[in-house]
Structure formats: C-alpha cells, structure tokens
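Chemist: Here it is, the structure in full.
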C-alpha cells in the first residue's frame with residue numbers, strides 16, 4: 001500500500017529464486033569464519049577488516065554494535081561472532097549515501113528497493129532534508145537542521161506533542177542526555193525498542209524480584225547444573241552465547257532447549273578459533289529439545305513445577321524466609337491437569353518428566369529466554385512462571401543459578417538504566433531533578449504502540465528517532481505508516497539508509513551520526529562512550545576508524561545542539577560534550593549505582609551495577625520478598641482452519657538489518673518471503689514446497705493481508721507457521737499486545753493461508 005509521496009511502506013515483493021537445502025547440523029565453524037571474513041572484505045576492504053575485527057570487544061576497543069552478550073576476559077585476539085563481524089562491517093562501510101545518491105532517486109523509487117539493497121548502499125555522509133511537497137532529499141547544513149527542529153518544538157507549544165524514540169545502540173552518555181533533554185522540555189514520551197522485545201521481562205521481573213534485569217553473571221554459566229534456553233535462537237541472535245553454553249556443557253551442565261523450531265546452534269557447535277588450535281571436532285550443546293507449541297510455554301512451566309512438587313525438591317528455607325505467595329502457586333499448579341499440560345504444550349508427559357527430573361536434581365539452575373516468551377499476550381505471566389520455577393528451588397542469588405533475559409541490542413539495557421523509559425519511577429525522577437536542577441514531568445509518556453496511536457490521531461508534531469529503523473521494527477506496518485505520515489516533522493539520527501527514511505512526516509530530516517566503530521573527536525580530544533551488557537556490567541567503547549565524512553556528528557553532540565537551540569536553560573549543554581567526562585560526572589550525581597563513574601568505568605572490564613537479588617539475596621519489592629505470582633494457563637486453542645504465526649529472523653539478519661538473502665542454518669537461500677510449515681499441515685492442504693499463498697491475519701474482527709508467500713516444509717509443530725520479519729510485520733495487529741507490558745504479540749498471530757487472490761468467504 002502506498003503512503004505519502006507514493007512510498008511503499010511494506011517491503012517490496014521478493015522475486016528472487018528460492019533455493020532449499022538441508023538444514024545445517026553444526027553452527028559456526030569454518031563456514032561462519034569464512035562468511036565473516038568475506039563479508040568484511042566486501043564491505044570494508046582487507047586492511048579495515050583486520051583493524052576492526054582485532055579491536056572489537058577488546059580492552060581499549062569498541063563494543064560490538066550487535067548483541068548485548070557479555071565479553072569473556074579477553075583471552076583471545078578475536079572476541080566476536082559471525083553476525084557481530086557482519087554488524088561491524090556494515091557500520092564501517094564507505095560513505096555511499098551522499099547528496100549525489102539522493103539526487104538520483106525519489107523516495108518512491110527507493111521504497112521499491114529491498115531492505116537488503118538499501119543497507120548495502122553505504123554510510124550516510126551529509127545531513128539531508130525532505131521538504132514538504134518534495135519527493136527527493138536535498139542537503140541541509142547542520143545549523144539549519146538544528147534550528148528547524150528547535151523552531152518546530154517551540155511552535156508546538158506543547159512538549160507532549162514531541163516523541164523521542166531510542167534504539168538499543170545508543171550509548172549511555174547519549175541516552176542520558178536524550179532523556180534529560182526530553183524531561184527538561186517537559187515530556188516522558190520516550191518509547192524505545194525495549195517496548196517491542198523485553199518490556200515483558202522488565203515488568204515481570206520487577207514485580208517478582210524487585211529489579212527488571214537478570215540476576216546472573218557470565219561466570220555463573222561455569223557453575224550451573226542445568227541451563228534452560230527458552231524461546232531464543234543463540235546461533236543467530238546471540239552467537240557469542242554458544243561459547244558460554246559449550247563451556248558450561250564441558251563443565252557438566254545439562255542444557256534444555258525449549259523452542260518450536262530446532263535451532264542449529266543448540267544442536268552442535270564448532271568454535272571457529274578451535275581450528276587455530278588444530279581441534280576439528282564439533283560439540284553437542286543441548287541435552288534435550290522440547291519442541292513446545294506456540295503459546296505452550298506456560299503449560300510446560302506448570303508441568304515442570306508439578307515435578308518439583310511431586311519430588312519435593314524444594315528449597316523450603318528459602319521459600320519460607322525470602323518469598324511470598326508460594327501457597328497460591330502450588331494450588332494453581334496442582335489444580336492443572338496433565339491432560340491440559342500435554343495438550344497445550346504439544347509435548348508428551350514423558351518429555352516433561354525427563355526435563356523435570358533434570359531440574360529436580362539440579363543444585364544450580366539458570367533460565368535464559370528471549371522474544372519467544374516476551375511477545376505473547378501472556379508474556380509477563382509466562383516469565384513470572386519461569387521465576388516461580390526457579391524460586392521453588394532457591395535458584396536466585398547463588399553461584400551458578402539465576403534468571404537471564406538475553407537482550408538483543410548492544411546497549412538496550414543501558415539505555416533503560418540511564419533513564420530511557422516512558423514510565424519512570426518517582427525515585428528516579430527525584431534524584432534526576434536534584435542532580436540536574438530540573439522539574440521532570442510526572443505524567444507517564446507513551447510507549448511504542450501508544451506513540452503510533454498518538455501519531456494516527458494527529459497529536460504528534462515532532463518525532464525523533466535516535467537510531468533504529470522504526471517502520472520496519474514496529475507491528476502493523478500500514479497503520480504505523482499512516483501515523484508517521486500525519487507527523488509534521490520526522491527526524492532520523494542514523495548511520496545507514498533504511499525504510500524509515502522513506503516513510504516520513506510532512507517534512508523529514510536525516511542527521512548522519514558517528515557509529516560505534518568511528519573515532520570521536522571533540523574539543524578536548526578523543527572520546528569514549530560506555531555501554532551496559534545483558535548482565536549489568538558497564539564498560540567503555542572506544543571507536544578508532546576515521547569517519548567516512550567530516551560532516552558526521554556524534555549522538556551526544558546532536559542532542560546537546562538540539563537542547564541549546566530549544567531550551568531556555570542555564571545549563572551549558574555544549575560544554576558537556578566538549579569532554580564526555582562532563583556527562584559522566586553529571587550521571588554520577590543523577591543515577592544510583594553510577595557513583596565515581598569516570599574512575600570506575602576506566603577499570604579493566606568496567607564495573608557491575610548493583611543487583612540486590614544477585615548480590616545479597618535481597619528483593620526491592622514492597623514486601624521485601626521475592627514473590628511467587630500465580631497465573632492460570634492462557635487459552636491457546638487455534639480456531640479451525642487457522643494457524644498461529646510467529647515472526648523470526650533469518651541467520652544473515654540482525655534485528656531489521658538484512659546482511660544477506662540466505663538463512664544458512666535453516667537451508668533457505670535467496671528469498672525471504674517464506675512460510676515455514678509442518679509437512680503434515682501441507683499434506684492436508686495438498687500443497688508442495690514452493691506453493692504460493694496469501695496470508696491473512698485475524699484480530700478483533702479485522703483482517704490484514706500480505707500476498708505471494710512461498711510455503712516450505714519444516715520441522716515445526718502442526719498448526720504453527722513461521723515467517724521472517726520485517727516482511728511479515730504488516731500482519732501483526734497494532735493492538736494485539738501483551739497484558740501489562742503492551743508488547744506486540746509477534747509470536748502469536750492467528751492467520752489463514754489462502755490461494756492467491758482467494759477471498760476469506762471462499763475459504764470459509
């Protein structure tokens with residue numbers, strides 16, 4: 001569907017040839033190393049490839065712009081994974097998206113290009129403006145761009161008509177300044193990528209254990225007896241995690257993989273660096289794969305808890321002294337029948353009992369999860385069921401045990417820690433106000449879904465995206481595009497071209513910024529930034545690559561310039577960015593756990609933020625206890641003739657960035673418009689592989705349609721299908737969200753599969 005300026009908001013039709021191979025049985029190894037090297041040389045050339053890949057994740061180097069998995073103690077000169085190497089290569093590309101590039105194409109023409117093509121054009125080199133009524137971007141100097149944004153904010157005369165979005169790649173320093181700017185302006189409208197992924201984790205954990213983060217360190221994996229890996233694909237999304245799992249397995253840990261799809265990385269793993277040690281074998285990772293049906297995780301948790309209760313393998317002292325609510329959880333679990341557990345989970349009782357006894361015999365259990373749990377209607381509830389399971393055995397706050405939500409962006413946890421949140425606590429705001437001399441608004445701002453609705457209602461004058469690719473990351477692509485089109489001014493602070501530069505408001509700006517790999521020079525010299533990994537460790541990131549253009553600016557500089565142009569504020573914002581130590585000094589005063597920030601973050605490896613459940617088994621909840629929270633099982637019945645769809649990433653993809661058109665581990669090559677479907681479901685329909693179908697999603701009496709998908713037989717439970725995002729985001733209803741977190745339910749979308757052009761009435 002076309003939107004403003006004739007732009008196509010959805011990803012264009014994929015006409016590339018589809019090649020299907022047998023899914024890989026081993027992750028990483030020589031193919032991963034070769035793929036990383038070739039991708040780097042193609043994007044950066046050999047010299048820059050060597051320089052970046054020997055600097056990433058090292059002391060005095062830069063933090064990988066990919067996932068947030070923590071680094072080991074830098075025992076190797078190569079501390080990166082395949083997709084991390086590709087993220088680095090993509091960022092360190094030459095500057096190809098310049099004024100000459102934009103003069104060749106209208107935004108309509110660019111919208112007809114694939115996401116893969118857009119990403120391959122190189123770094124953005126100059127600030128650009130898409131004027132009202134124009135269909136091409138043209139250059140604008142920095143002063144004029146900053147002035148335009150400041151004028152629009154002042155003209156609005158209502159801070160809540162501005163929305164400030166943040167991606168997980170923004171540094172702690174930039175994110176802190178960004179939220180300080182917004183709150184000084186007078187709004188908490190700060191949606192971020194967490195709203196679409198781990199918001200359910202934060203809400204669930206905060207209520208259960210008093211902190212919205214995990215409770216483990218990397219070292220804990222070396223002491224675990226059992227590791228549950230639930231609803232995630234480490235081989236593609238967090239590949240460095242495979243090394244931790246391999247080492248845990250060598251130390252005797254049992255690993256249970258819970259996922260509707262068998263993922264190669266958890267079958268067998270070969271560390272690429274082992275070849276340098278003349279070690280050529282691969283290693284099995286998971287002891288068990290529990291192929292749970294979509295939505296069946298809660299039933300599985302009830303089954304596993306039943307086994308703990310039946311075997312009485314409970315930590316009675318911990319339950320009595322440190323928790324609340326156990327009796328009600330016990331009552332709910334005992335009430336749940338095995339028939340219901342088996343039916344809802346899609347697993348046999350024997351499978352659940354086998355896994356349950358592994359857990360019952362464990363003295364130290366870690367539970368890891370990602371969006372396979374969070375993006376369901378019961379996302380918060382099912383995470384609390386995982387917490388319930390671990391609380392039964394006292395697997396919190398002891399060596400080798402704890403909770404581990406695995407974040408997908410490199411600094412998404414850090415952004416939240418330093419204040420990127422639409423619902424900040426009073427304690428956070430009061431300390432911020434005292435340190436910075438401001439009066440922060442107390443009214444809650446909007447999250448991602450609420451921001452889209454606010455835009456659709458015409459209540460947003462300014463929308464700034466600090467990184468990311470909003471239109472491709474969000475659900476309900478058409479509805480989102482309609483909202484963005486109603487905004488007066490949209491601003492993208494970006495390194496690379498993406499579809500969000502094409503789906504715009506009346507007027508649009510692109511502000512090109514430095515990336516994680518780039519050398520950042522301010523008035524006082526070379527600067528570094530800081531990030532927080534998935535396990536609460538804050539450390540430095542120092543870019544070293546000469547920027548592709550002299551016109552690039554750092555994110556802190558951009559924010560400080562906007563604040564200077566907008567606010568009647570006594571604060572010298574530009575002085576803060578002359579030396580980033582000045583920002584960190586202010587953060588030391590404003591944020592709990594950041595005391596003496598400049599000194600502590602310069603320590604080798606950085607420092608750990610306070611984590612009461614992990615540090616001393618205390619819980620910052622109203623009752624000062626860890627809370628068992630009881631839930632009934634969700635309704636996971638699928639209407640007759642329908643399927644449940646989940647959206648997934650391909651292997652050569654990170655978040656919305658497409659590195660290649662192949663999903664190597666799953667054997668899918670050349671085409672992304674794919675429906676992975678159970679072979680028995682295909683036989684029932686009389687379909688063969690490559691059958692072309694249209695997908696229609698159903699929610700609250702509304703339908704959304706996406707045409708021309710190819711069906712591929714795959715090992716997935718009957719009644720379940722999987723598709724790649726962002727292509728399938730158009731099918732995810734905007735208002736189908738998780739209870740208590742408002743996270744889009746991208747892992748539970750009721751769909752029909754129709755013949756091309758077939759109407760719903762014909763299907764019925």
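Chemist: Quick check on packing: order 160-171, 248-259 by the mean number of other C-beta atoms within 10 Å, highest mean leading.
Modeler: 160-171, 248-259
Chemist: Just for the range 653-728, what percent of DSSP beta bridges are antiparallel, to the closest 5?
Modeler: Expressed as a percentage, antiparallel bridges in the range 653-728 total about 75.
Chemist: Ranked highest first by the average count of other Cβ atoms within 10 Å around their residues, in what order do 678-685, 383-390 fall?
Modeler: So the peptides 678-685, 383-390, ranked by packing, come out 383-390, 678-685.
Chemist: Pull up the DSSP beta bridges for the chain and report the antiparallel fraction as a percent, rounded to 5.
Modeler: So the antiparallel bridges in the chain amount to around 45 percent.
Chemist: Once you have the alpha carbon radius of gyration of the chain, what is it after dividing by 2.2 N^0.38 Å, with N set to its residue count?
Modeler: Taking N as the residue count of the chain, the ratio is 0.90.
Chemist: Separate question: If I histogram all Cα-Cα distances within the range 221-406 using bins 5 Å wide from 0, what percent of pairs lands in each bin?
Modeler: Cα pair-distance distribution for the range 221-406, in percent: 1, 8, 17, 21, 21, 15, 8, 4, 2, 1, 0, 0.
Chemist: Post the alpha-carbon centroid distance, the range 331-369 to the range 578-604, in whole angstrom.
Modeler: Taking the Cα centre of the range 578-604 as reference, the centre of the range 331-369 is 45 Å away.
Chemist: Sorting 18, 576 on the 10 Å Cβ count, fewest up front, what's the list?
Modeler: Taking fewest neighbouring Cβ atoms as first place, the list is 18, 576.
Chemist: What is the order of 125, 365, 311, 618, fewest Cβ neighbours within 10 Å to most?
Modeler: Fewest-to-most ranking of 125, 365, 311, 618: 311, 618, 125, 365.
Chemist: Expressed in nm², what is the orientationally averaged projection area of the convex hull enclosing the Cα positions of the range 640-764?
Modeler: Taking the Cα atoms of the range 640-764, their convex hull projects to 8.0 nm² on average.
Chemist: Looking at the range 221-406, what % of its DSSP beta bridges pair antiparallel, to the nearest 5?
Modeler: Counting only bridges with both partners in the range 221-406, antiparallel ones make up about 10 percent.
Chemist: So for 597, 116, fewest C-beta neighbours within 10 Å to most, what's the order?
Modeler: Lowest count first: 116, 597.
Chemist: Subtracting the Cα-Cα distance from 0.36 nm times the residue separation, let me have the gained length for residue 570 to residue 22 in nm, one decimal.
Modeler: Here the answer is 190.9 nm.
Chemist: Moving to a separate point now. So what's the back-of-envelope 222 nm ellipticity for the chain, counting only DSSP H runs of four-plus at -39500 (n - 2.57) apiece and dividing by all residues, rounded to 500?
Modeler: Result for the chain: -9500 deg cm²/dmol, rounded to the nearest 500.
Chemist: Packing-wise, with mean Cβ within 10 Å as the measure, how do 199-209, 149-159, 715-725, 93-103 rank, highest first?
Modeler: Highest mean packing first, the order is 199-209, 715-725, 93-103, 149-159.
Readers should treat all values here as calculations from the given coordinates under stated rules, not as data from a laboratory. Worth saying up front: this structure is predicted, and the values here are computed from it rather than measured. Heads up, the Cβs are rebuilt from the backbone with ideal geometry, glycines too, and the neighbour counts pull from every protein chain shown.
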